[in-house]
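Have a look at the structure below, then the notes.
We did not get these values from a lab; they are worked out from the coordinates using the rules stated. On a predicted model such as this, the values are computed, not experimentally measured, just so you know. So basically every Cβ, Gly included, is an ideal-geometry build from the backbone, and we count neighbours across all protein chains shown.
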Amino acid sequence: MKVAILGLGNVGQNFIRILSDSGGHIRESCGSDIEVAFVADSSGIVKVDQGRTYANILLAKRAQNIRSLGEPVTIEQVLDSGIDALIDVSSASKDGNRELEIFRAAIDRGINIVTANKSPLALHWAEIVPYARNRGIKVLFEATVAGGVPLFNFAKYSCGPSRVVKFRGIVSLTANYVLKMMHSGTSFEEAVRKAQEMGVAETDYTDDTSGLDGARKTVILANALFDREFSLKDIRYSGIPEVDLTELTSKGDRLRLFTSITSENEALEISTGFGLLDQGDFLLSLEESALGYEIKTDNNGVLRVSSAHDGPRETAAAVVNDVMILAREVKEH
Ligand SMILES: NC(=O)c1ccc[n+]([C@@H]2O[C@H](COP(=O)([O-])OP(=O)(O)OC[C@H]3O[C@@H](n4cnc5c(N)ncnc54)[C@H](OP(=O)(O)O)[C@@H]3O)[C@@H](O)[C@H]2O)c1
């Protein structure tokens, strides 16, 4: 399984670490090695020279010199090189256009896609997912929502006969973490810095704290679980700047950024933003670095899934898992 990986930040580096730490187990489980043939960061893309190890990739990135791994190439050269999958763990662009162009070019060449980057799917779902499906190409996006907590693959492979009729979840770590810290007296800036240290807040954290990141996830949830073709412009959202500070002081222990989607007579009721949860709500029981959700289904009943802790390693594991799903399918055909 030959892959190109776009992005070598928190998630991208953990992706490489997991391949390094668990390569044998991954090979046994999916019947294929995952070969990282190209890596990219904001400085460009390089073809990784034969014989370079995962440790070499991590060291080169740490030295901010991925050029030392091999020759620079263009995205067209990557897509024409015969890779099996393109992995997007790069920063989200504001309009998703950069990713859209790359994804469409990959799909046109028969290349499957795995993404943790939400922007292209939140802004251009209709131009990517149905387009790929019609051509028999897979676009897998487990890691886009709720980090490492199984969600889309769980609904698809473990709840096969069911339709989801309601979703409620805490799927954004940074905003909830920052708010909890603020409730216990930490300043906004200090809370963001701690979230960045944990690797959960991206370098540009404003998408998280403004609620935009949660809104992107909500689009993907509505489209994937309820078979729609929404875009970000269809979703209203709020974030930390809109939080009432008096409410934060008095009821902050019940205040969370969460997403709720209910299907009622074919119409969807969608909300994403800060709201007060009732005492005893499952979502309130989640720890500050945990993610989780509750789905109501027509045949599998109500299911609650959560992690004890989530971060870039767990997100990267979800990305690796999607690549393993592809590897098994490539092998079968
Ligand atoms: N962190 C999480 O737990 C988590 C959870 C779910 C989803 N995600 C998503 O996963 C993606 C990566 O997250 P992260 O935490 O790893 O972010 P990050 O630490 O900020 O890393 C982003 C990486 O993307 C690279 N990059 C920026 N522009 C690029 C471009 N045009 N082409 C190729 N690479 C480019 C950056 O390059 P430089 O290194 O040169 O800056 C960096 O290596 C984001 O889209 C995020 O929303 C993250």
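Overview of values
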quantity: Helix 188-197 vs. the chain, principal-axis angle (Cα, 0 to 90°, nearest 10); calculated: 40
quantity: Shape parameters for the chain, alpha-carbon atoms, Rg then Dmax in Å; calculated: 19.7, 59
quantity: Those residues of the range 255-280 whose amide nitrogen sits under 17 Å from the label point placed on His183, 7 Å along Cα→Cβ; calculated: 255-259, 273-280
quantity: Percentage relative contact order, the chain, counting C-alpha pairs under 8 Å, at least six apart; calculated: 20
quantity: Most to least packed among 195-204, 322-331 [average Cβ atoms within 10 Å]; calculated: 322-331, 195-204
quantity: Estimated FRET transfer efficiency when R0 is 45 angstrom, pair Ser29-Thr249 (beta carbons, to 0.05); calculated: 0.35
quantity: Ranked packing of 113-120, 297-304, most packed first, by mean Cβ within 10 Å; calculated: 113-120, 297-304
quantity: Greater than 24 Å apart at Cα, pairs in Lys61/Lys194; Lys2/Lys94; Lys296/Lys331; Lys166/Lys217; calculated: Lys2/Lys94; Lys296/Lys331
quantity: Amide N proximity, the range 1-35 versus Lys331 label position 7 Å along Cα-to-Cβ, cut-off under 15 Å; calculated: 1-2, 23-35
quantity: Debye-sum result for the range 58-124 in log10 I(q)/I(0), which assumes one identical scatterer on each alpha carbon, at q = 0.18, 0.22 Å⁻¹; calculated: -0.78, -1.02
quantity: Distance between the range 1-39 and the range 128-194 - C-alpha centres, whole angstrom; calculated: 21
quantity: Karplus-derived HN-Hα couplings along the range 213-223 (A = 6.51, B = -1.76, C = 1.60, θ = phi - 60°), whole Hz, x at Gly and Pro; calculated: 4, x, 5, 4, 5, 5, 4, 5, 4, 4, 6
quantity: Gap separating the Cα centres of the range 253-287 and the range 230-248, nearest whole Å; calculated: 13
quantity: Label-point separation in nm, Ala267 to Ala55, each point 7 Å along Cα→Cβ; calculated: 6.2
quantity: Summed side-chain charge close to Gly292 - residues other than Gly292 whose Cβ falls under 13 Å, Lys, Arg +1, Asp, Glu -1; calculated: -3
quantity: Angle between the chain longest axis and helix 119-134 axis [Cα atoms, degrees, rounded to 10]; calculated: 60
quantity: Cα-based shape type of the range 156-309, given that a ≥ b ≥ c are square roots of the gyration tensor eigenvalues and the cut on a/c is 1.5; calculated: prolate
quantity: Length-normalised contact order for the range 1-87 - Cα pairs under 8 Å, 6+ apart - percent; calculated: 40
quantity: Protection proxy ranking of 81-87, 263-269, 179-185 - average other beta-carbon atoms within 10 Å, highest first; calculated: 81-87, 179-185, 263-269
quantity: Expected 222 nm ellipticity per residue - DSSP helices of 4 or more, -39500 (n - 2.57), all of the chain, to 500; calculated: -12000 deg cm²/dmol
quantity: Folded to 0 to 90 degrees: helix 97-108 orientation relative to the chain principal axis, Cα; calculated: 50
quantity: Gly211 long-range amide H proximity, modeled H, under 5 Å; calculated: Ile240
quantity: Net charge of neighbours whose Cβ lies under 13 Å from the Cβ of Ala317, counting Lys and Arg as +1 and Asp and Glu as -1; calculated: -3
quantity: Cα-Cα P(r), the range 267-324, percent of pairs per 10 Å interval; calculated: 17, 38, 37, 8
